[in-house]
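This report refers to the structure that appears directly beneath it.
The values are calculated or read from the model by the stated rules, or taken from the named source; none is laboratory data. This structure is a prediction, so every number in the text was calculated from the model and none was measured. So basically every Cβ, Gly included, is an ideal-geometry build from the backbone, and we count neighbours across all protein chains shown. The accessibility values were calculated without ligands, DNA or RNA, using every heavy atom of the protein model including side chains. Shrake-Rupley method; radii C 1.70, N 1.55, O 1.52, S 1.80 Å.
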Amino acid sequence: KHPDADALYVEKIDLGEESGPRTVVSGLVKHYSLEEMQNRRVLVVCNLKPAKMRGVESQGMVLCGTGEDGKVEFIEPPEGVPNGERVLFPGYTDVDGVPEPESPFMPPKKKMWEAVQPDFATDGACVA
């Protein structure tokens, strides 16, 4: 848990990077117990500019979805996908060549997150 905020977790997430796990701060305390947070496989948005949340630098965002019932659920990678695998979205990336991004962070002024987020959805089996 965050030392200065009861509603925040401070997570160490292994993204397969040589530098080691990233620190990610999330507001999932009211949705998941500490035990439910341990050793989960999750998707993390990594190309956001790091931001301090109550004094702790967060280097990503855990990707979750909210159902019609209001329940918050993790978006989980398929079995067998290695930690750190890039997730691509047709129409938003060059899926043929899969180039490295021009910048490690999405430029905030381009509103890229706002462009892709409305298209996020799951089917009846909760597959994104």
Inset, instruction - Could you please report the charge total around Val10, scoring K, R as +1 and D, E as -1 over all other residues with beta-carbon less than 13 angstrom from its beta-carbon? - result: +1
Inset, instruction - Report the full-extension gain for the segment Arg86 to Glu57: residue separation times 0.36 nm, less the Cα-Cα distance, to one decimal in nm. - result: 8.2 nm
Inset, instruction - Grab the other residues whose beta carbon is less than 12 angstrom from that of Tyr32, score K and R as +1, D and E as -1, and report the net. - result: 0
Inset, instruction - Compute the signed sum of charges (Lys and Arg +1, Asp and Glu -1) over the other residues within less than 15 Å, Cβ to Cβ, of Val81. - result: -1
Inset, instruction - Calculate the radius of gyration of the Cα atoms of the stretch 1-61 to one decimal place, then report Dmax, the largest Cα-Cα distance, as a whole number, both in Å. - result: 11.2, 32
Inset, instruction - First compute the accessible area of the stretch 40-85 with a 1.4 Å probe, then give the percent of it belonging to carbon and sulfur atoms. - result: 48
